[in-house]
1. Report, ordered by chain and residue number, the lysines lying within cross-link reach of Lys210, taken as a straight Cα distance under 17 Å and ignoring same-chain residues fewer than 8 apart.
2. Taking mean projected area of the Cα convex hull in nm² straight from the coordinates, which label in (1) 18.4; (2) 14.2; (3) 13.2 is the correct one?
3. Please list, ordered by chain and number, the residues whose modelled amide H lies under 5 Å from the amide H of Asn74; skip anything fewer than 5 residues away on the same chain.
4. Distance between Cα centroids, the stretch 272-290 to the stretch 102-120: provide it in whole Å.
5. Relative contact order (percent) for the chain, with alpha-carbon contacts under 8 angstrom and 6 or more residues of separation?
6. Taking a point 7 angstrom from the Cα of His23 along the C-beta vector, which residues in the stretch 261-290 have backbone N less than 16 Å away?
7. Which value, in debye to the nearest 20, gives the size of the charge dipole of the chain about its Cα centre, when Lys and Arg are +1 and Asp and Glu are -1 at the Cβ?
8. Ranked by Cβ crowding within 10 angstrom, fewest neighbours first, how are Arg174, Arg88 ordered?
Amino acid sequence: MRVFVTGATGFVGSAVVRELLAHGHRVLGLARSESGADQLKAAGAEAVRGTLDDLDKLTESAAACDGVIHTAFNHDFSKFAENSQQDRRAIQVLGAALEGTAKPILVTSGTAMLAPGRVATEEDRPSGASPRMSEPAADDLVARGVHASVVRLAPTTHGAGDHGFVPMLIGLAREKGVSAYIGDGSNPWSAVHRLDAARLYRLAIERGAKGERYHAVAEQAVPFKVIAEAIGKGLGLPVESRAAEHFGWFAMFAGMDAATSSAWTRQTLGWTPTQPGLLEDMGTAGYFAG
């Protein structure tokens, strides 16, 4: 297959590009900069310069390929709703380019806050309160006959170069002089290594069914206190329970209950995570450097 990948130079997208190339696929990657385009070419992919706002380029690139993997998303939480609308618009345009064909498109969502209080499964759907619009956009495409499906990433998708939730917690611990958790810290997060996630994207674009959700989750439930303890150990800081206010805007995520199953995904796609778990990765992948 020739696959168009958005976010192709990002933390997850770059791993997806390498995974596809390693298994005989050709890749056309969206790159925002000349250096990003050079990075893709060095990896053996083709590159197209542009952003999610370059709708004509999205259309042309998707139409020129046999499938699309959409990993790009602006994670600036100060304008999350605006970024979610940009994401939905891009998905609509990408999907429209595939309408009337059997070409697949994979869009990206997350498992965070999917089913608080119980283990989330692939059958769950996000509440209408969620500002992220990728799943409703995928459903709209399916209703139009497009072969669209969703990969949901665990809230901590980790590995060397991570700039997500765990590095944010490490930065907060450095700033406050304590690695903290809320309450008794038993609220669980799920986790996946980015290389395992990349393999799932490949399997889903090769074998996935229209309208399905696939969970990129290697560890179903890692207690938040255990993550805080690993941070405390890595930084040589005390580990304490603190009120939600300690975390500022991040409190919603620090207190989230995000246990998630990937049993159906594993069975359906034959996906078996093989990379290090979160705690091992935190100790070996440079999380505490600098």
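The numbers here are math on the coordinates, done by the rules we state, and not lab data. Bear in mind the structure is a predicted one, so any value in this text is a computation, not a measurement. Methodologically, a virtual Cβ is constructed for each residue, glycine included, from the backbone with ideal geometry; neighbour enumeration extends over all protein chains shown.
1. By straight Cα distance, Lys210 reaches Lys103.
2. (2)
3. When sequence neighbours closer than 5 places are left aside, there are no close amide H contacts.
4. So the separation of the two Cα centres works out to 23 Å.
5. 18
6. Only 265-275 pass the distance filter.
7. 300
8. Going from least to most buried by this count: Arg174, Arg88.
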